[in-house]
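These notes are about the structure you will find just below.
The values are calculated or read from the model by the stated rules, or taken from the named source; none is laboratory data. Predicted, not measured: the structure shown is a model, and the values here were computed from it. Don't worry about glycine lacking a Cβ; one is built from the backbone with ideal geometry, like all the others, and counts go over all protein chains shown. Quick note on the areas: whole protein, heavy atoms, side chains included, nothing else; ligands and nucleic acids left out. Shrake-Rupley method; radii C 1.70, N 1.55, O 1.52, S 1.80 Å.
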There are 2 protein chains.
Amino acid sequence: MELKPLEALKLWHDVVLDTVRRDVPDLSARQLAILLTVYLESPPHTVRGLAAKLKVSKPAITRALDTMGQKDLLKRKRDETDKRNVLVQRTVNGSVYLSELADTIIARAQEHSSS
Amino acid sequence: MELKPLEALKLWHDVVLDTVRRDVPDLSARQLAILLTVYLESPPHTVRGLAAKLKVSKPAITRALDTMGQKDLLKRKRDETDKRNVLVQRTVNGSVYLSELADTIIARAQEHSSS
DNA sequence: CCCAACCGTTTCGGAGCCGATTTAGTCTAA
DNA sequence: TTAGACTAAATCGGCTCCGAAACGGTTGGG
């Protein structure tokens, strides 16, 4: 995939504009980073691990999991082999959300390549 | 530019992760949308126009201009032909910021195309 | 001349997120 | 068995942002 600076920014502009406009559900950059990490990288995903990866505090991860859990984009599960850990797992709803995001990105990317 | 769903999400993941980690300067999705609109679309840009485009309230735009003005990413200018209007204009600093964002996107995109 | 319409900003109460610290539960090694 | 290490979650005060409504300044038509 080759991309020139102006094309890259236009792509970013269109997609960000889309996500801002359809206000439901509005995820912060941090929340989106968590969601994408859980769905794209290999498990297991713990609070501590995510905090280290994003370089933010653990409570920030816990709160993000709370809000995203309410929206059913992600779910918690106790690690039965070590009950101190919480494993972050995917949901059907979260898959749908990211699938739609991917569709948006692809659609916008094609618009720019054709122009 | 052709892009498969998984590649699109990986690209988004990497870039979002980059922006979350280097916390300075941290722009919300809304602020980034404003910044990109001002730099990519043809002027003039007014508060009212930006609010309509992003589908958010006018005070939200005013506040975003305050914070981004402090960071010297954007500047206000009174419209001399109609002093009710405020024109949003670009700055050198803002150009640099977006240029670096474009570099990040392009670098990540190339990584994925080579893999 | 004036008043209605328009502009961006400010005020207001409410909601959400922040990091640091504390709490409660679990595991492990001596 | 027990003390200490380690986990995630709960608490705390402080900060930022939110939209609705109110506000002052500007414009243009009647």
Taking each residue in A:29-42, count the Cβ atoms of any other chain within 10 Å of its Cβ, then average. What number comes out? 4
Exposure ranking of B:Arg108, B:Arg84 by accessible area [1.4 Å probe, largest first]: B:Arg84, B:Arg108
How far is B:Pro43 from the same spot in each other copy, in nm, shortest first, if each label point sits 7 Å from Cα toward Cβ? 5.3
Helix-derived mean residue ellipticity, 222 nm - over chain A, DSSP H n ≥ 4, -39500 (n - 2.57), to 500: -20500 deg cm²/dmol
What FRET efficiency comes out for the pair A:Thr62/A:Val96, r = Cβ-Cβ distance, R0 = 22 Å, nearest 0.05? 0.35
Shielding by partners, peptide B:16-22 (average Cβ within 10 angstrom, other chains): 6
Pseudo-label separations to other copies for B:Asp79 - Cα-to-Cβ vector, 7 Å, nm: 5.8
Under 29 Å between alpha carbons - lysine pairs in chain B that sit 8 or more apart or on different chains: 17
Relative contact order (percent) for the stretch B:5-114, with alpha-carbon contacts under 8 angstrom and 6 or more residues of separation? 28
Which one of B:Ala33, B:Leu50, B:Asn85 has its Cα pushed farthest toward the positive end of the charge dipole of the stretch B:5-114, where Lys and Arg give +1 and Asp and Glu give -1 at the Cβ? B:Asn85
Can you compute the radius of gyration and Dmax for the stretch A:21-112, using only the Cα atoms, both in Å? 14.1, 49
For the protein assembly as shown, give the magnitude of the charge dipole about the Cα centre (Cβ charges: +1 Lys/Arg, -1 Asp/Glu; no others), in debye to the nearest 20. 1000
With r as the distance between the Cβ atoms of A:Lys4 and B:Leu6 and R0 = 25 Å, compute the FRET efficiency 1/(1 + (r/R0)^6) and round to 0.05. 0.60
Mean-square fluctuation maximum in Gaussian network of chain A, Cα pairs under 10 Å, restricted to A:Arg76, A:Arg90, A:Arg21, hits A:Arg21
For chain B, the dipole about the Cα centre with charges only on Cβ (Lys and Arg +1, Asp and Glu -1), to the nearest 20 debye, works out at 700
Residue-by-residue Karplus 3J(HN,Hα) for the stretch B:62-71, coefficients 6.51, -1.76, 1.60, Hz, glycine and proline x: 4, 5, 5, 5, 4, 5, 6, x, 4, 7
Using a 7 Å Cα-to-Cβ projection, A:Pro5 label spacings across copies, nm, ascending: 3.5
Positive end of the charge dipole of the protein assembly as shown (Lys, Arg +1 and Asp, Glu -1 on Cβ, about the Cα centre): tell me which of B:Val96, A:Ala102, A:Ala64 has its Cα farthest that way. A:Ala64
Between A:Leu87 and residues 5 or more places away or on another chain, the pairs with built amide H atoms under 5 Å apart involve A:Lys77, A:Arg78, A:Asp79
Using the basic label-point model (7 angstrom from Cα toward the beta carbon), what is the B:Arg22 to A:Arg21 distance in nanometres? 3.0
Simple label model, 7 Å out from Cα along Cβ direction - A:Leu40 to A:Ala52, nm: 2.0
